[in-house]
Structures are given as structure tokens and as C-alpha cells.
Amino acid sequence: MAYDRYVAICKPLHYGTLLGSRACANMAAAAWGSGFFSSVLHFANTFLLPLCQGNALDQFFCEIPQILQLSCSQSFLREVGFTVISAALMFGCFVFIVVSYVQIFRAVLRIPSKQGWHKAFSTCLPHLAVVSLFVSTGMVAHLKPPSISSPLLDLVLSFLYSVVPPAVNPLLYSMRNQELKDALWKLAQWTLFHQE
């Protein structure tokens with residue numbers, strides 16, 4: 001998405017050639033393939049670990065750091081290595097996104113009209129905010145030292161990176177739709193008048 005916006009704002013005349021159907025298919029395949037490969041690697045490795053502290057987790061889904069806390073063997077170091085490699089790859093993607101947005105913001109700031117600024121920032125900032133929330137909370141959840149781990153903190157962090165970004169994403173992108181804004185305004189007015 002960041003690359004799409006970069007090309008649309010910084011190289012609009014080359015959009016059709018840089019982001020054709022083949023490029024989009026390649027980017028989607030790379031994202032899905034790397035996600036699938038990473039999840040299979042973690043899945044296979046964590047389920048080979050011997051668990052000696054029971055099998056109950058204080059989470060609403062099966063998280064790798066919590067499974068590692070239940071392991072009693074030294075083979076968990078391999079999974080820690082996989083987690084660090086995954087975090088490094090995710091951080092690399094995040095750096096790519098930030099660099100893309102820096103280029104976009106530099107191009108937008110050269111636009112003389114305030115309307116152009118508003119249009120570009122209103123499409124870019126929500127995406128950057130959601131990605132920042134996902135990456136920062138995910139990295140903290142998986143890379144924090146066990147000494148500062150608590151069940152409540154782990155639960156809040158996993159909720160922040162697994163539930164909030166997918167839930168907020170459609171809302172942020174649909175708020176540019178005037179029909180949705182009008183419907184929300186009518187709903188808010190109806191709620192206020194029917195409470196009294």
C-alpha cells in the first residue's frame with residue numbers, strides 16, 4: 001500500500017507501468033508467501049518443544065512468547081532466533097514503508113494548494129498510523145524481556161496488535177466516504193434525540 005501511494009503521488013505518470021497487474025500479483029504473492037513461510041516455521045518449531053509447565057495459556061489465542069514460557073528445554077533458543085529474524089524482517093518492511101512515506105510527504109509539501117495537502121495526508125496518515133501501531137506493539141510483545149512480562153501486559157499487547165489494526169482499518173479508510181459520514185451523523189443525531 002505504501003508503494004502504491006508512493007507511485008501515485010511521486011510518479012503519477014508512471015503509475016500504469018510501475019503498478020500493473022503483474023507487479024501487484026508479485027507483491028501480493030511475496031507478502032502472502034513470506035507470511036505463510038514464517039508462520040509454518042514458527043508452527044513447526046513451537047509444537048516440537050516439550051512443555052513441562054502444563055499447557056494452559058493466559059491469552060485469548062496461542063502466542064509464541066507464552067508457549068516459550070511453558071517450555072522446559074533449551075531448544076526454545078531456536079524459536080527465539082526465529083522470532084528475532086521475523087522481527088528484523090518486519091522492521092525492515094516498516095523502514096521501507098517509512099522511507100516511502102518520507103518521499104511522499106516531501107512531494108506533498110511541494111504542492112502549492114492546501115487541498116492537495118489535505119487529500120494526500122488524509123490518505124497516507126491513517127495507513128501509517130495503523131502500520132505503526134501493529135509493528136510497534138507486535139515487536140514489543142515478542143521482543144520484550146521475560147522480566148517485564150505480566151499476563152495483563154501480554155494480553156493488552158496481543159490485543160493491540162492482533163485485533164485493533166484490522167478493526168480500525170476499514171473505519172479509517174471508509175471515513176473519506178461522504179455517504180458513510182452522512183450515515184454516521186444521522187445515527188449520532190438519532191441516538192442523541194432518542195436518549196432524552
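The numbers here are math on the coordinates, done by the rules we state, and not lab data. Just so you know, these numbers come straight off a predicted model, no measurement behind them. Please note: Cβ atoms are built from the backbone with ideal geometry, for glycine as well, and neighbour counts cover all protein chains shown.
Here are a few things to note about the model shown:
- Alpha-carbon Debye profile of the chain, log10 I(q)/I(0) at 0.12, 0.19 Å⁻¹: -0.81, -1.34
- Legend: calculated FRET efficiency, SER34 to LEU109, from the Cβ-Cβ distance at R0 = 41 Å, rounded to 0.05, equals 0.80.
- Working note: 222 nm ellipticity from helices only, DSSP H runs with n ≥ 4, each -39,500 (n - 2.57), summed and divided by the residues of the chain, gives -26000 deg cm²/dmol to the nearest 500.
- Taking 0.36 nm per residue of separation and subtracting the Cα-Cα distance, full extension of the segment from ALA56 to HIS194 would add 45.1 nm.
- Helix 151-162 vs. the chain, principal-axis angle (Cα, 0 to 90°, nearest 10): 40 degrees
- In this simple spin-label model, placing a label point 7 Å from the Cα along the Cα-to-Cβ direction at both PHE96 and LEU125 gives a separation of 2.7 nm.
- Cα lying deepest toward the dipole's positive end in the chain, options PHE47, GLN69, SER34, charges on Cβ: SER34
- Reachable lysines from LYS114, criterion Cα separation under 26 angstrom, eight or more residues apart if same chain: LYS11, LYS181
- Potential lengthening between TRP185 and SER147 on full extension [0.36 nm per residue; Cα-Cα distance subtracted]: 9.0 nm
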